[in-house]
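Structure first, then comments.
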Amino acid sequence: MNPRPSPESPADHLRYEFAQLEKMRQQILADMEAMRVQEHNLRTYEARLRDSRPSLVAASAPPSDAAPDIERDKIARLRALVEAERRALVDERLVLREERALLTQKAEELKQREAWVEGRERDLKAKAFAPPPKPRGSASPFAAARSFLSFGTKRAAG
């Protein structure tokens, strides 16, 4: 895969992740279409095998004890091959279904993360535009000493 660029912000990172997920989704859809074509071809091939089965028996040499057994073995091997292909296709479909579920889950996580980032950005913007806090002391360096001294005289008088 392409090296991952360093994102400028979390939103850029989320956009990058979403683009990657979209690429994977497109690839999965293309793979699914290829499997549909393969399945159609296998079904066509299987139908041809079924149709040619009577002609194999009719076109064979005069029946002997070994000829039907040979033909039966050939048909059994062909059926086994077709069944193996069918099982592989079912397995691939299951894998694609699981990958699609994972992609959906990842997309949901990205949406939640994006919503969180947007909320965080709003909070940061609100803090950036908030008025600065007022300073707690006076501008005079001696005001603190005066207030301390006046506190001490009030306490002594009281």
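For beta carbons closer than 8 Å, sequence separation of 6+ or different chains, a first residue in region 75-90 that is in contact (Cβ under 8 Å) with a residue 40 or more places away in the chain and a second that is surrounded by 10 or more Cβ atoms within 10 Å (Cβ to Cβ) and among the hydrophobic types (A, V, I, L, M, F, W, C), the qualifying pairs are Val82/Leu42; Val82/Leu49; Glu85/Leu42; Arg86/Leu42; Leu89/Met35; Leu89/Leu42. When His40 is tested against (1) modelled with pLDDT under 90; (2) of a type outside the set (Phe, Trp, Tyr); (3) loosely packed, with under 11 Cβ neighbours inside 10 Å, only condition (1) is not met. The residues of region 90-116 that are exposed (fewer than 15 other Cβ atoms within 10 Å of the Cβ), hydrophobic (A, V, I, L, M, F, W, C) and closer than 30 Å to Arg48 by Cα, listed by number, are Val90, Leu94, Val95. Screening region 50-108 for residues that are part of a helix (DSSP H, G or I) and among the hydroxyl-bearing types (Ser, Thr, Tyr) and picking the one that is modelled with the lowest pLDDT gives Ser55.
For Asp31, the conditions (1) charged (D, E, K, R); (2) at pLDDT 90 or above; (3) in contact with a helix residue (DSSP H, G or I) (Cβ under 6 Å, 6 or more places away or on another chain) are fulfilled apart from (3).
The values are calculated or read from the model by the stated rules, or taken from the named source; none is laboratory data. From a predicted model like this one, the values you see are computed outputs, not experimental measurements. Neighbour counts are summed over all protein chains in view; Cβ atoms, including those assigned to glycine, are modelled from backbone coordinates with ideal geometry.
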